[in-house]
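Working notes for the structure below.
The values are calculated or read from the model by the stated rules, or taken from the named source; none is laboratory data. Just so it is clear, the model here is predicted, and its values are computed rather than measured. Note: ideal-geometry Cβ built from the backbone for every residue, glycine included; neighbour counts use all protein chains shown. Remember, those area values only see protein heavy atoms, side chains included, never the ligands or the DNA or RNA. Shrake-Rupley method; radii C 1.70, N 1.55, O 1.52, S 1.80 Å.
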Amino acid sequence: MEGSRHPIHFSDERRRRLSHRAAPALGGIILLVVLIVIIASAGSSPAIGVAREFTRAWERGDYRGMYALLSPQSQRSIDPARFAAAYRSAADTATAVGLSARTPSESQGGARVAMTVRTRVFGVVRAQLELPVKHSRVVWTPHLVFPGLRHDEALTRSSDPPPRAAIQARDGATIVAGPAQARVASSAGQGIAGKIGPAQTAGERAALYARGFPRDWPVGQGGLERILEQRVAGMPGGKLLAGRRPIASAPARPSSSVRTTIDLHIERAAISALGSRLGGVAALDPRTGAVRALAGIAFSGPQ
């Protein structure tokens, strides 16, 4: 009848031909899915994985963790203590206070990582770290202590300390002033100004260098010079060098004069009253607790 519908019946041979034609296409789809799963599960290359571990440990200051990723030959060339000392020395030279690393990418012979180093003196320094990797281990050489160094380069610094700021009494009168190498105290301020000279210990010299100053730069050794060291020394400038290449620079920034609560009239009276006797005099403002004068062991004892 016109308009009626009848189910279509295929012969067994026809069904067999259709299934044979569909099988290759279905097999291709299955193979493609399997390949996608394999690629997705493979993850990053060994070089990228090692570079990620190495720079993450570096971000944490975990030099032992970094050292563990070196190749056996690299570990034979330097021991863990000297390895850590090399990285600390480079950080002090750059006045580094922290660093961060981007996601590594593959490069010929290893991995490339964009790194950012934050410093006290030179601001933010950005550079690429080219990390050689072989058999899932870092092939270490000394230029890897700082990003951006080339094979034959070492990191060095020229320092430019600013003038040392004057220390004043509460009314602006000078207690001590002059350059760091030749400070001069006023007659009334001699007993409280303190002295200045090179750092006394290796630790103090290292800390001074990490602040951006030369290791032998004069620092406060007592009195107000020592108490106010960080405020009167200013911020040094200089150049950060990769071999002979300047990679960062900054101008010196002197501090403004530091005004204390000391009253030099009361200070003179306290020194005179104490004379040559063993003891101490401390004068405080009863309303605010501000120190107006210190003499003898009242000043030297607490230090």
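Summed over segment 243-294, residues that are more than 23 Å from Arg211 (Cα to Cα), assigned to a strand (DSSP E or B) and open to solvent by 60 Å² or more (accessible area, probe 1.4 Å) total 3. Considering only residues that are surrounded by fewer than 19 Cβ atoms within 10 Å (Cβ to Cβ) and touching a residue at least 40 places away in the same chain (Cβ under 8 Å), look in segment 49-69 and name the one that is farthest from Pro142 (Cα to Cα). Only one residue fits best here, namely Gly49. The residues of segment 158-178 that are in a strand (DSSP E or B) and either open to solvent by 30 Å² or more (accessible area, probe 1.4 Å) or farther than 13 Å from His265 by Cα (or both), listed by number, are Ser158, Ser159, Asp160, Ile167, Gln168, Thr174, Val176, Ala177. Applying the condition of being open to solvent by less than 30 Å² (accessible area, probe 1.4 Å) and within 32 Å of the chain's Cα centre (by Cα) to segment 179-207 and asking which residue is farthest from Ile297 (Cα to Cα) yields Ala180. When we screen Leu228, Leu240 for residues that are in contact (Cβ under 8 Å) with a residue 12 or more places away in the chain, buried (at least 20 other Cβ atoms within 10 Å of the Cβ) and of a type outside the set (Asp, Glu), the only hit is Leu240.
Among residues of segment 80-98 that are over 13 Å from Met66 (Cα atoms), those with a Cβ under 8 angstrom from a residue that is open to solvent by 30 Å² or more (accessible area, probe 1.4 Å) and polar (S, T, N, Q), sequence gap 6+ or separate chain, pair up as Thr93/Thr156. Of all residues in segment 126-149, those satisfying the criterion of being part of a strand (DSSP E or B), in contact with a Pro (Cβ under 8 Å, 6 or more places away or on another chain) and open to solvent by less than 60 Å² (accessible area, probe 1.4 Å) are Ala127, Leu129, Leu131, Val133, Val138. Restricting the first member to segment 194-211 and to residues that are within 23 Å of Ile167 (Cα to Cα), and the second to residues that are among the polar types (S, T, N, Q) and open to solvent by less than 50 Å² (accessible area, probe 1.4 Å), the beta-carbon pairs closer than 8 Å and six or more apart or on different chains are Arg211/Thr95. Considering segment 228-273, the residues that are among the acidic types (Asp, Glu) and more than 30 Å from Val125 (Cα to Cα) include one that is modelled with the lowest pLDDT, namely Glu267.
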